[in-house]
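Read the structure below first, then the notes.
The values are calculated or read from the model by the stated rules, or taken from the named source; none is laboratory data. Every value quoted in this text rests on a predicted model; they were computed, and no experiment measured them. Cβ atoms come from the backbone with ideal geometry, glycine included; neighbour counts cover every protein chain shown.
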Amino acid sequence: MKILHITAYITGGAGIAVMRLHQALLEQGIGSEVLCMYALDENLSPGVYRTDQKRPFIDRVFHKVGIDRNTRIKGGRKGKYELFSFPFSHYRLEHDARVKRADLIHLHWISDFVDIPTFFKAIKKPMVWTAHDLNPILGGFHYEQDVLRNPDFRDAEDLLRRKKQESIRSSGIRFIASSKLTMQKIEQYLPGVPCNLIPCVLDIAGFRRIDKAVSKEALNIPGGSLILGTGADDLGNYRKGYWLLLEAIEGLAPDEKKLITILTFGAIKAKVKDDAGPAIDIIRFEPVHDKRFHSLLYSAMDFFINPSLEETFGLTGTEAILCGTPLIASATGGMIDYLEPGVSGYLFNPGDAVELRKLIRAAIMSKKEKAVTFGSCRESLLEWYKLNDPISKHINLYREMLT
C-alpha cells in the first residue's frame with residue numbers, strides 16, 4: 001500500500017497535521033510519501049518531496065498584468081477576509097512520478113497547488129481529501145464567516161463553489177473531517193458525498209507536562225499571577241480571536257486585571273490593539289518551533305485560551321492539554337469533541353466576550369481560593385484519543401478504499 005499525501009505546505013497547522021500522519025504511517029509499516037509545493041530545505045525529510053514543476057513564463061506575465069483567469073474572476077473586489085483562493089493551478093501534478101506510483105492519493109491543504117478540474121478528471125485511482133479548513137466545500141473562501149462578511153464576493157464565491165463541486169461529484173473522492181462540526185458542514189454542502197470522521201494525529205510524546213512552578217521560574221514569570229496563555233501562527237488573524245480575549249479582559253475590574261499575566265506566542269502580521277489596560281502584563285514570544293520550549297510555555301500557563309471564531313479542529317488546544325494545562329475555548333471545531341467540561345476546561349460561545357470574561361473571572365476566583373486544579377486533563381484527552389485512534393482509522397479507510 002503506497003499512500004501519497006499532497007499538501008501545499010508542510011508547516012502551519014495543516015502541514016503539521018500532515019507530517020504527523022505521515023510519520024505515524026511510516027511507524028506502522030505503511031508506505032507513505034508527501035508531495036508539497038513549498039518547503040525550506042531544513043524542513044524536508046526522507047519521503048517528503050518538493051515539486052520541481054515551475055510556473056510557466058506566460059502565466060507569470062498574465063498574472064502580473066491582471067488578465068489571468070483568477071484575477072478576472074475576483075474582479076478587483078476588496079474585502080476583509082483571511083484568504084480567498086482558487087481551485088485552479090499551473091501545476092500539473094497528474095504527471096508527477098510520485099502521483100503515478102501511488103496506490104491512493106490523500107489530499108490535504110491544496111490551494112494554489114492542485115488544479116482541481118484537470119487533476120480530478122485525470123486521476124482514476126482512489127482519492128481522499130482531509131478538510132483542514134472549509135475551502136474544499138466552499139468556493140474561494142476558507143471559512144464561513146468570511147463568506148458572510150464579504151457579500152460582494154457572492155458571484156465569484158458561487159462560481160468557484162459550483163466548479164469545485166462538479167469535479168468532486170464526478171471523481172468519486174471521499175472526505176475526512178477531523179471534528180463532528182466539520183463533518184456536519186461537509187454533509188450540509190456536499191450531501192451524499194462519503195465522509196469519515198477521523199481526528200488529527202497528536203504528538204503525545206513531543207508535548208509533555210512540566211511542573212508549573214518550575215516552568216514559571218524558568219520563564220521568569222511571577223508565581224502569584226494567573227497566567228492566561230494564547231497562541232497562533234498569526235495573532236493578528238481576525239478569526240483567531242486574540243482581539244476578543246483582549247476585549248474580554250478590558251471589561252475586568254482594575255483589581256482583577258492586576259492578578260493576570262498574558263503569555264502569548266505567534267506573530268502579529270496585522271495591526272491589533274494589543275492593550276487590555278495598564279495593569280495587564282503581556283509577555284510575548286514569536287512563533288515557537290521547538291517542542292521542548294513549546295511544552296515549557298504551555299506548562300507555565302494556568303489556562304490556555306483559544307478564542308477562535310471558527311476552527312475545523314484546534315491543534316493548539318490539544319498541545320496545551322497534553323502539557324497539563326486546561327482550556328477556556330470557543331465551542332467550535334474539534335474542541336467540542338476533545339474538551340471535557342470541568343475536567344479539561346470550559347467552552348464558551350464563539351465571539352462572546354461577555355461569556356469569556358465570566359470564565360476568566362471564575363479562573364481568577366479559583367486561583368485566589370487555591371481550588372482543585374485540572375490535574376487529570378491530560379489523561380482525559382489521552383482516553384478520548386485512544387477511543388478515536390486516528391492512525392488505525394486512517395489505515396482502515398485506506399484498506400477499504402483499495403479493496
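Look at residue 347 and say whether it is within 21 Å of residue 311 (Cβ to Cβ) and part of a helix (DSSP H, G or I). Please lay out each step first, then the result.
Numbers: within 21 Å of residue 311 (Cβ to Cβ): yes; part of a helix (DSSP H, G or I): no.
No: the conditions fail for residue 347.
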Scanning region 358-395 residue by residue, the ones that are within 26 Å of residue 249 (Cβ to Cβ) and part of a helix (DSSP H, G or I) total 13
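For the structure I just gave you, tell me whether residue 330 is at pLDDT 95 or above and either of a type in the set (Gly, Ala, Ser) or closer than 27 Å to residue 257 by Cα (or both).
Spelling it out, residue 330 is indeed at pLDDT 95 or above and either of a type in the set (Gly, Ala, Ser) or closer than 27 Å to residue 257 by Cα (or both).
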In this structure, does residue 29 turn out to be modelled with pLDDT under 95 and of a type in the set (Gly, Ala, Ser)?
-> no
Out of 141, 120, which single residue is crowded, with 22+ Cβ neighbours inside 10 Å, in contact with a Ser or Thr (Cβ under 7 Å, 6 or more places away or on another chain) and of a type in the set (Phe, Trp, Tyr)?
-> 120
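When you check residue 364 against the structure, is it surrounded by 15 or more Cβ atoms within 10 Å (Cβ to Cβ), out of contact with any Ser or Thr (no Cβ under 9 Å at 6 or more places or on another chain) and more than 30 Å from residue 1 (Cβ to Cβ), yes or no? Reasoning before the result, please.
Details: surrounded by 15 or more Cβ atoms within 10 Å (Cβ to Cβ): yes; out of contact with any Ser or Thr (no Cβ under 9 Å at 6 or more places or on another chain): yes; more than 30 Å from residue 1 (Cβ to Cβ): yes.
The answer is yes for residue 364.
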Scanning region 178-202 for residues that are surrounded by 18 or more Cβ atoms within 10 Å (Cβ to Cβ), part of a loop (DSSP other than H, G, I, E, B) and not aliphatic (A, V, I, L, M) gives 178, 179, 199, 200
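Would you be able to say whether some residue in region 218-227 is outside any helix (DSSP H, G or I), closer than 29 Å to residue 310 by Cα, over 25 Å from the mean Cα position of the chain (by Cα) and aliphatic (A, V, I, L, M)? Break it down stepwise before answering.
As a first pass, look at region 218-227 and keep what is outside any helix (DSSP H, G or I): 219-227.
Now drop any that are not closer than 29 Å to residue 310 by Cα, which leaves 226-227.
Now restrict to residues that are over 25 Å from the mean Cα position of the chain (by Cα): 226.
Okay, now just the ones that are also aliphatic (A, V, I, L, M), so 226.
Yes, region 218-227 has at least one match.
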Quick one: residue 353 ticks every box in (1) crowded, with 16+ Cβ neighbours inside 10 Å; (2) not assigned by TED's automatic domain parsing to the domain that holds residue 248 bar one, so which box is it?
-> (2)
Taking region 15-56 as the search range and keeping residues that are under 18 Å from the mean Cα position of the chain (by Cα) and under 19 Å from residue 104 (Cβ atoms), which one is surrounded by the fewest Cβ atoms within 10 Å (Cβ to Cβ)?
-> 20
Since residue 226 meets every condition but one in (1) out of contact with any Lys or Arg (no Cβ under 6 Å at 6 or more places or on another chain); (2) modelled with pLDDT under 95; (3) farther than 30 Å from residue 20 by Cβ, which condition does it not meet?
-> (1)
Flagged in region 356-403 as among the hydrophobic types (A, V, I, L, M, F, W, C) and either in contact with a Cys (Cβ under 6 Å, 6 or more places away or on another chain) or free of Cβ contacts under 8 Å to residues at least 60 places away in the same chain (or both), in numbering order, are 359, 362, 365, 371, 372, 374, 377, 384, 387
